[in-house]
Amino acid sequence: MRLIYSIKKMYEFSKTAHLKGKTIGFVPTMGYLHEGHLSLIRKARKENDLVVVSIFVNPIQFGPKEDFKRYPRDLKRDMKMAEEVGADLIFYPDAKDMYPDGFKTYVNVEELSDKLCGKFRPGHFKGVATVVAKLFNIVSPDIAYFGQKDAQQAIIIKRMVKDLNIPIKIKVLPIVREKDGLAMSSRNTYLNGKEREDALVLYQALNLAKDLIKRGITDTDKIIKRMRQLIKKKKNTKIDYIEIVEMDNLNPLKVISDNCLIALAVWIGKTRLIDNMIINKLGS
Ligand code: PAF
């Protein structure tokens with residue numbers, strides 16, 4: 001497996017691959033890989049001639065008080081894990097090369113970026129869309145793979161690709177969960193034993209919503225109220241939001257409709273976790 005730091009070398013690799021008629025599958029990550037990332041890499045391996053994984057903790061998607069500095073980093077560990085599931089290349093750019101002095105151009109996917117997490121993390125999705133657009137230009141993949149856990153991110157990236165005529169297919173793969181239901185996240189490493197237990201309440205709340213919908217409750221206010229009550233039983237939690245929204249435009253729904261998204265962001269102690277579930281009227 002190759003490790004490339006330089007943007008120029010990355011361009012050259014992709015250009016040569018395309019000239020040889022090879023397809024490139026791309027998994028953008030911020031590293032500290034877990035089974036969720038590995039599921040994306042495995043899928044990319046199956047569907048492409050070459051698999052590129054980027055590891056870049058993108059400074060511009062973190063707010064000033066957020067966890068940029070303490071975000072877990074371990075390149076050696078990530079390289080081993082990525083190689084085991086078939087990655088051909090790790091692209092590991094430097095922040096100074098990605099955002100050199102004088103950098104002025106940002107990608108903002110309007111409206112979608114201001115909803116859900118966007119309300120609590122201003123500028124976050126502008127940072128995500130900008131770095132993903134840059135990575136797409138540098139890596140030039142045929143298909144890029146994202147996890148459903150970052151549902152809003154995936155919707156924003158799909159919109160960006162459509163709006164800017166970027167010729168890359170976006171695939172979104174299901175959330176990978178620990179055996180007990182906690183959605184895999186690099187940020188789970190922040191949790192201590194008690195917090196790790198409390199964090200299960202996110203998935204429990206989503207399942208409660210699913211059960212209520214199955215039992216015929218379609219009023220989203222009622223469902224959200226019950227979810228809030230369940231989460232608040234854990235003393236160490238703070239809810240940023242629980243929303244039930246339309247999948248494509250993230251507009252809040254009053255009544256459950258087919259193919260809606262239940263999304264939440266909850267602090268467990270000092271760690272902010274997100275989770276979601278796609279649901280239809282029958283709760284399936
Ligand atoms: O989902 C992530 O890890 C990041 O937001 C991404 C897409 C790699 C952009 O930095």
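A short reminder: the numbers here are calculations on the coordinates, not readings from a lab. Note that this is a predicted model, so its numbers are computed, not measured. Quick reminder, even Gly has a Cβ in these numbers, built from the backbone with ideal geometry, and neighbours come from all protein chains shown.
For the range 147-231, report the % of Cα-Cα distances exceeding 14 Å. List each step's numbers first, then the result.
Details: 2580 of 3570 pairs.
Percent of Cα pairs beyond 14 Å in the range 147-231: 72.
With an 8 Å Cα cut-off and a minimum separation of 6 or more residues, compute the relative contact order for the range 1-68 in percent. In percent, rounded to a whole number, it is 31.
Dividing the C-alpha radius of gyration of the range 1-128 by 2.2 N^0.38 Å, with N its residue count, gives 1.14.
The fewest-to-most ranking of Leu40, Leu191 by surrounding Cβ atoms within 10 Å reads Leu191, Leu40.
Look at Leu273, Leu202 and count the other Cβ atoms within 10 Å of each Cβ; fewest to most, that gives Leu273, Leu202. Across the chain, counting alpha-carbon atoms alone, Rg and Dmax equal 19.2, 58 Å. Pairs of Cα atoms nearer than 8 Å and 6+ residues apart set the relative contact order; for the chain it is 17 percent. Working note: 222 nm ellipticity from helices only, DSSP H runs with n ≥ 4, each -39,500 (n - 2.57), summed and divided by the residues of the chain, gives -11500 deg cm²/dmol to the nearest 500.
If the viscosity is 0.890 mPa s and the temperature 25 °C, what Stokes-Einstein diffusion coefficient in µm²/s follows for the range 53-102 when Rh is the Kirkwood radius over Cα pairs? Kindly include the intermediate steps, with their values, before the conclusion.
Values: Rh = 12.5 Å.
D = 196 µm²/s.
Compactness of the range 213-284, taken as the C-alpha radius of gyration over 2.2 N^0.38 Å, stands at 1.12.
Taking trypsin sites (Lys or Arg not before Pro) in DSSP loop conformation with at most 16 other Cβ atoms inside 10 Å as exposed sites, the chain has its longest uninterrupted site-free stretch at 105-178. For the pair Lys238/Asn192, report the inter-label distance in nm, with labels modelled 7 Å from Cα in the Cβ direction. Taking the simple label geometry, Lys238 and Asn192 are separated by 1.7 nm.
Quick one: of the DSSP bridges fully inside the chain, what percent are antiparallel, nearest 5? Spell out each step's value before the answer.
Working: 21 of 40 bridges.
Counting DSSP beta bridges with both partners in the chain, the antiparallel share is about 50 percent.
So what are the range 104-155's ellipsoid semi-axes, whole angstrom, largest first, if each one is the square root of 5 times an eigenvalue of the alpha-carbon gyration tensor?
Numbers: eigenvalues 79, 43, 11 Å².
Taking √(5λ) for each Cα gyration eigenvalue gives 20, 15, 7 Å.
Entry for the range 48-191 at q = 0.09, 0.10 Å⁻¹: log10 I(q)/I(0) = -0.29, -0.37, Debye formula applied to identical alpha-carbon scatterers, no solvent contribution. With the simple model of a label 7 Å out from the Cα in the direction of the Cβ, Asn207 to Asp94 spans 4.8 nm. Normalising the average separation of contacting C-alpha pairs (under 8 angstrom, six or more residues apart) by the number of residues puts the relative contact order of the range 211-257 at 42 percent.
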